[in-house]
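The values are calculated or read from the model by the stated rules, or taken from the named source; none is laboratory data. The model shown is predicted, which means the values in this text are computed figures rather than measured ones. Heads up, the Cβs are rebuilt from the backbone with ideal geometry, glycines too, and the neighbour counts pull from every protein chain shown. Each accessible area value is taken on the protein alone, full model and side chains, heavy atoms only, with ligands, DNA and RNA left out. Shrake-Rupley method; radii C 1.70, N 1.55, O 1.52, S 1.80 Å.
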Amino acid sequence: MPTPTAAMRPDSLAARLDLADPDFAARLCLRLSAAELRLRATAGDAPHPLVAEWSRYLIEAGGKRLRPLLVLLAAEFATAGPDRATADRVLDAAVLVELVHVASLHHDDVMDGARSRHGVPSAPARWGNRTAVHLGDRLLVRAGRLAADLGPEVVRLQGEAAERLVRGQLRELTGPLDGESALGHHLAVIADKTGSLIALALRIGAELVGAPRPVARALAQYGEQLGLVFQLSDDLLDFASEPGESGKDAGIDLAVGVRTLPMLLALGEDGPRAAELRSLLERGPLADERDRRRAAELLRRSSAEARARELLHGHATEARDALAALPDIPARAALADLVGLVEHRSA
Ligand code: FPP
Ligand code: MG
């Protein structure tokens with residue numbers, strides 16, 4: 001990637017992409033910078049300066065900007081040459097998906113009682129739960145307005161993804177249905193809570209440029225798989241990273257009592273360490289920090305981490321395989337490169 005402009009985030013995944021084609025790299029860089037400026041302006045567009053400041057807080061604090069990048073990459077698969085109006089609509093779509101994402105983080109941090117996000121105090125820790133919930137609502141509604149301007153198909157796609165987001169969160173709370181395996185339940189939850197929005201970014205990008213149907217389908221399949229890779233690597237980071245390394249509270253899944261993939265795998269193991277972990281996790285949410293540290297240590301010493309990485313790698317391979325149906329343009333190579341960055345991310 002060439003030298004990013006001031007508006008492009010240094011912590012973005014795009015800044016780490018290995019782009020061979022200089023014209024494509026320069027175009028992508030400019031588009032990402034434009035999306036970043038528009039994102040801040042849209043979030044901060046509030047009559048009250050305090051609301052504007054609150055709304056921009058988390059956006060300015062950090063972010064990998066994966067979803068806007070995916071919109072822009074999907075829009076490279078246009079059938080016709082670029083026109084200004086379409087390029088402008090694609091930028092709005094990049095803003096839209098990031099707003100939905102940041103809205104969901106506001107709500108998620110309230111639900112998880114998270115104290116930090118992107119290496120700064122989370123919105124609820126900084127402004128309180130009530131403000132954080134309203135800010136999430138505000139950003140979600142603002143995204144809805146953008147979708148309305150982009151047309152009924154975008155509204156439909158966004159509605160479908162938002163429904164899946166909420167369903168994923170609720171199913172995380174309810175646990176498996178009678179007869180449903182814990183592993184199957186977890187994969188369905190993460191497909192809904194994370195895969196849906198990542199796939200949405202690709203779906204909208206393809207839709208706005210009129211990408212051929214098989215291309216749009218392959219991009220959506222790639223997005224669903226990338227979403228699983230993203231969330232499974234998140235599950236691993238929760239107990240594998242040092243406090244402060246990921247910019248989030250370490251061990252929060254243990255604190256909230258969410259059974260992630262490595263936990264589910266470790267619970268099924270034999271031996272004294274697995275038995276100790278079972279007795280810890282059976283207590284539900286681990287409020288005591290010493291218990292969380294011990295559970296994280298037991299997880300790191302189990303074979304579950306390696307088995308979860310294997311599963312994660314399988315989904316990364318499926319994501320790359322979906323790209324085979326796409327024309328060989330620089331955006332396809334960027335999407336392939338992105339899979340590795342998400343699989344091995346540390347934040
Ligand atoms: C992060 O999970 C949370 C999500 C991916 C989805 C959150 C969705 C909602 C709260 C539903 C409401 C939705 C909207 C659009 C307002 P995590 O806790 O595993 O990840 P983390 O480690 O980043 O916190
Ligand atoms: Mg969370």
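A few notes on this one:
- Taking a quarter of the surface of the Cα convex hull of region 269-315 gives a mean projected area of 3.7 nm².
- For the chain, with +1 on Lys and Arg beta carbons and -1 on Asp and Glu, the positive-most of Gly128, Leu140, Ile252 along the dipole: Gly128
- Region 255-347 - charge dipole about Cα centre, Lys and Arg +1 at Cβ, Asp and Glu -1, debye rounded to 20: 320
- Cα-based shape type of region 125-240, given that a ≥ b ≥ c are square roots of the gyration tensor eigenvalues and the cut on a/c is 1.5: oblate
- Mean projection area, nm², convex hull over Cα of region 231-303: 4.3
- Of all accessible heavy-atom area on region 212-321, the percent that carbon and sulfur account for (1.4 Å): 49
- Candidate residues Thr131, Thr260: accessible-area rank, largest first, probe 1.4 Å: Thr131, Thr260
- One way to sum up the overall shape of region 150-195 is the equivalent ellipsoid from its Cα gyration tensor, whose semi-axes run 26, 9, 8 Å, largest first.
- Cβ charges +1 (Lys, Arg) and -1 (Asp, Glu), total dipole of the chain, debye: 540
- For Arg117, the residues 5 or more places off, or on other chains, whose built amide H falls under 5 Å of its own are Ser122.
- For the chain: accessible area per residue (Å², 1.4 Å): 44
- The apolar share of the surface of region 40-121, taken as the fraction of accessible area on carbon and sulfur atoms (1.4 Å probe, ligands and nucleic acids excluded), comes to 54 percent.
- Segment Glu60-Ser181, extension gain: residue separation times 0.36 nm, minus the distance between their alpha carbons: 39.6 nm
- Each of Glu245 and Arg84 was given a label point 7 Å from its Cα along the Cα-to-Cβ line. The distance between the two points is 4.9 nm.
- Per residue, the convex hull spanned by the Cα atoms of region 1-113 measures out at 116 cubic angstrom.
- Accessible area (Å², 1.4 Å probe, nearest 10) - His344: 130
- Acute angle (nearest 10 degrees) that the helix 213-240 long axis makes with the longest principal axis of the chain, alpha-carbon atoms: 40
- Bins of 20 Å from zero: percent of alpha-carbon pairs in the chain: 31, 58, 11, 0
- Rg to Rh, two decimals, where region 53-184 supplies the alpha carbon set and Rh follows Kirkwood: 1.03
- Between the residues Leu208, Ala304, Tyr222, the greatest Cα displacement towards the positive end of the dipole of the chain, with unit charges on the Cβ of Lys, Arg, Asp and Glu, is found for Leu208.
- Sequence ranges 174-187, 132-145, ranked by mean other-Cβ count within 10 angstrom, highest first: 132-145, 174-187
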